[in-house]
Amino acid sequence: MKTIGIFDSGLGGLTGYRDLRDLLPHHNLIYFGDTARVPYGTRSREVIRRYALQDANFLLSRNVEAILVACGTASSNALDLLEQTFSIPFVGVVAPAAQKAACCAAGGDGRVLVLGTAATVATGAYERAIHALDSSIEVRSVACPLFVPLVENGHTSKGDVAATAIAQEYLLPHADFRPDAVLLGCTHYPLLMGVIADVLPEPVLISAGAASARAMAKLAGEPEEDVPGTNEFFTSDDPQVFCREASRYLGTPITSPVQHVEIERY
């Protein structure tokens, strides 16, 4: 039985945790949500890399054997640093999602629309990953800086006035691009799938969190012991708020205690 760590800037990575728990029911999972410092997507690259190192250091203090970086911003800005600094394996969200997007584009007109935070889009990480698989695919990236605050504040329902207005502002200018796939490059964004699908109803919507969970499951494999894995949750802000809000991401209440972490110590 392995212990796998998962971290995100806030609660969005719980979408990846949920998928990973379904795929690896016999592994121990430890989730850290850096809710005191969310969002990462508006920070400088230097700050994002420092935060990612602290997040990984904390999880390593809990003896994890692999880490899922369930954050598009951290994956695109700091995965290389994490892999160079630590000896355990890391799985980010960029490469697995890019592979699925490239497959969709190959079966269509060869166009992918990437949605991400400002910091993620600035790196061009998704474009590079897709073009490494197929240089003929046309990739257009759109920064959606207000999507994470919308999700963190509960504006996720299909028909939500605020979410719909912001999604239309970001996406309608790209409707004529007619992408085969819309890559949701932040693990918060799957909670806005209904809203996004209303604005762009035809493309396949790809969750970076779900794709990365499958990649981690393939890496970890199933243990020999047929024993249910344990779940631990940590946050850098209020555990009660984390516990209350987490049910929106998981579809079920958290039954394990949520513990507070002074993340700056790491």
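The values are calculated or read from the model by the stated rules, or taken from the named source; none is laboratory data. These figures come from a predicted structure and were not determined experimentally. Methodologically, a virtual Cβ is constructed for each residue, glycine included, from the backbone with ideal geometry; neighbour enumeration extends over all protein chains shown. Keep in mind that these areas ignore ligands, DNA and RNA; they rest on the heavy atoms of the full protein, side chains included. Shrake-Rupley method; radii C 1.70, N 1.55, O 1.52, S 1.80 Å.
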Can you tell which of R265, R248 is basic (K, R), open to solvent by 40 Å² or more (accessible area, probe 1.4 Å) and closer than 30 Å to K100 by Cα?
R248
For the stretch 207-232, enumerate the residues that are polar (S, T, N, Q) and either within 22 Å of G110 (Cα to Cα) or open to solvent by 20 Å² or more (accessible area, probe 1.4 Å) (or both).
S207, T230, N231
So which of V204, V182, V195 ends up being β-branched (V, I, T) and surrounded by fewer than 20 Cβ atoms within 10 Å (Cβ to Cβ)?
V204
Candidate set from the stretch 233-245 (those that are open to solvent by 20 Å² or more (accessible area, probe 1.4 Å) and of a type outside the set (D, E)); member that is nearest to N57 (Cα to Cα)
P239
Could you go through the stretch 136-145 and let me know if any residue there is within 16 Å of the chain's Cα centre (by Cα) and not in a loop (DSSP other than H, G, I, E, B).
yes
Take P149 and tell me if it is modelled with pLDDT under 95, assigned to a helix (DSSP H, G or I) and closer than 26 Å to G5 by Cβ.
yes
